[in-house]
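Each remark here refers to the structure printed beneath this line.
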Amino acid sequence: MSTITVREVQADFQRYLDRVEQGESFIVVRDNKPVAEIRPAAPKPQHPRPVGLAKGTFTVPAEFFEPLPTELLDVFEGKLR
């Protein structure tokens, strides 16, 4: 994966976009620190996954549906730190 600067991208964005379309990936750096990654988008699946694909593979325990303890809820709600 190549490294390019923000200025390089700004100066010739179309050229880098064309290279990404060809399969290349880039790490964009500012002040020698990585700030972004430009890479080809993941291909869209040809066919949607069927409903129930993992049926019977795992079970959800009954206690999963029980209310959470108050202490844990307080943490989620930012009441405790």
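Observations on the structure shown:
- Maximal additional length on extending the Gln14-Phe64 stretch stands at 13.0 nm, based on 0.36 nm per residue less the C-alpha distance.
- Inter-site label distance for Arg49 and Leu73 at 7 Å from Cα along Cβ, in nm: 3.2
- Build a GNM of the chain with springs between Cα atoms under 10 Å apart, and of Leu68, Leu53, Leu17 the one that fluctuates most is Leu68.
- Proxy reagent accessibility, fewest Cβ within 10 Å first, across Phe26, Phe76: Phe76, Phe26
Values in this text are rule-based calculations from the coordinates and carry no lab data. Note that the structure is a prediction, hence the values are computed from the model and not measured. Glycine gets a Cβ as well: all are built from the backbone with ideal geometry, and neighbour counts include every protein chain shown.
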